[in-house]
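The values are calculated or read from the model by the stated rules, or taken from the named source; none is laboratory data. Predicted model, so just to flag it, every value in this text is computed and none were measured. Cβ placement follows ideal geometry from the backbone for every residue including glycine, while neighbour counts extend to all protein chains displayed. These area figures cover heavy atoms from the full protein model, side chains too; ligands, DNA and RNA do not enter into them. Shrake-Rupley method; radii C 1.70, N 1.55, O 1.52, S 1.80 Å.
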Amino acid sequence: MAEKLTIRPLTQEAFAPFGTVIEADPATMRHINGGNTERYHALAEAEAVGEDAKVIINLFRGSPRAFPYAVGMMERHPFGSQSFSPIDDRPWLVVVAADEGGRPGRPQVFRAGGRQGVNYRRNVWHHPLMTLDAVSDFLVVDRLGGGVNLEEFFFDEPFIIEHP
Ligand SMILES: NC(=O)N[C@@H](O)C(=O)O
Ligand code: NI
């Protein structure tokens, strides 16, 4: 019987083992441009290692996932971090897992608000983008370079997210 996954709110503390939440944290804010602009400073660090590594900026246009959803696989990027920041101000799901001897453990599901992004640290297991309700755009910062920067793992038995 496929195990059901529960959904928790996305918080900096809960997500800390996997990376950082990208959001307007008042503790990071400084006024710039003569006070016209609030800079939320250094919310996350992009990592890019290995041959010819560089950090790139992308746009991902994700189609909404259908539920119940079977989490059958996870992936990770050994040579770089990967961040997702929603552009359309819609909630979305973040699915991550701890590494257990080179394979992902039980997935953990977080519900992100429309103004919350995440930065997956290099080599952190995560599920590919999971948008909700409508086609949604995300600004994605990740790594381009040599080598294979994608490792996938497929579960023998999927985990189920019943509804978002
Ligand atoms: N493959 C790709 O660029 N996207 C995935 O890495 C993802 O996390 O969505
Ligand atoms: Ni990825």
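Hey, any hits in region 34-55 for a residue that's surrounded by fewer than 14 Cβ atoms within 10 Å (Cβ to Cβ), outside any loop (DSSP other than H, G, I, E, B) and either of a type in the set (Gly, Ala, Ser) or touching an Asp or Glu at 6+ places or on another chain (Cβ under 6 Å) (or both)?
Within region 34-55 (the criterion being surrounded by fewer than 14 Cβ atoms within 10 Å (Cβ to Cβ), outside any loop (DSSP other than H, G, I, E, B) and either of a type in the set (Gly, Ala, Ser) or touching an Asp or Glu at 6+ places or on another chain (Cβ under 6 Å) (or both)), the answer is yes, since at least one residue qualifies.
Testing residue 101 on (1) over 24 Å from residue 46 (Cα atoms); (2) of a type in the set (Gly, Ala, Ser); (3) open to solvent by less than 80 Å² (accessible area, probe 1.4 Å); (4) without any contact (Cβ under 8 Å) to a residue 40 or more places away in the chain, one condition comes back false. Which one is that?
Exception for residue 101: condition (3).
Among 100, 75, 51, which is within 12 Å of the chain's Cα centre (by Cα), charged (D, E, K, R) and modelled with pLDDT of 95 or more? Before the answer, list the steps.
Details: 100 fails: within 12 Å of the chain's Cα centre (by Cα); 51 fails: within 12 Å of the chain's Cα centre (by Cα).
Exactly one of 100, 75, 51 is within 12 Å of the chain's Cα centre (by Cα), charged (D, E, K, R) and modelled with pLDDT of 95 or more, namely 75.
Only residues that are basic (Lys, Arg) and either modelled with pLDDT under 95 or within 18 Å of residue 110 (Cβ to Cβ) (or both): list them for region 8-48, please.
Hit for region 8-48 is 8, nothing else.
Taking interchain pairs and intrachain pairs at least six residues apart, which have beta carbon atoms under 8 angstrom, with the first residue in region 111-137 and open to solvent by 40 Å² or more (accessible area, probe 1.4 Å) and the second at pLDDT below 95?
Taking only residues 6 or more apart or on different chains, the pairs are 111/164.
Looking at the structure I just gave you, is residue 65 of a type outside the set (Ser, Thr, Tyr), more than 17 Å from residue 119 (Cα to Cα), out of contact with any helix residue (DSSP H, G or I) (no Cβ under 7 Å at 6 or more places or on another chain) and within 13 Å of ligand 1 (Cβ to nearest atom)?
yes
Taking region 48-94 as the region of interest, how many residues are over 25 Å from residue 162 (Cα atoms) and of a type in the set (A, V, I, L, M)? Explain how you work it out, then say what you get.
Of the residues in region 48-94, the ones over 25 Å from residue 162 (Cα atoms) are 48-59, 77-83, 87.
Remaining after also requiring of a type in the set (A, V, I, L, M): 48-49, 53, 55-57, 59, 87.
Within region 48-94, residues that are over 25 Å from residue 162 (Cα atoms) and of a type in the set (A, V, I, L, M) number 8.
Residues 32, 87: which one is over 21 Å from residue 140 (Cα atoms) and not small (Gly, Ala, Ser)?
32 is the lone residue from the list that is over 21 Å from residue 140 (Cα atoms) and not small (Gly, Ala, Ser).
Which of the residues spanning region 8-25 are of a type in the set (Gly, Ala, Ser) and open to solvent by 60 Å² or more (accessible area, probe 1.4 Å)?
Scanning region 8-25 gives a single hit, 24.
Give me a count of the residues in region 59-82 that are within 11 Å of ligand 2 (Cβ to nearest atom), hydrophobic (A, V, I, L, M, F, W, C) and either within 11 Å of residue 140 (Cβ to Cβ) or open to solvent by 70 Å² or more (accessible area, probe 1.4 Å) (or both).
1
Among the residues of region 83-97, write down those that are surrounded by 14 or more Cβ atoms within 10 Å (Cβ to Cβ) and farther than 20 Å from residue 42 by Cα.
Scanning region 83-97 gives 88, 90, 91, 92, 93, 94, 95, 96, 97.
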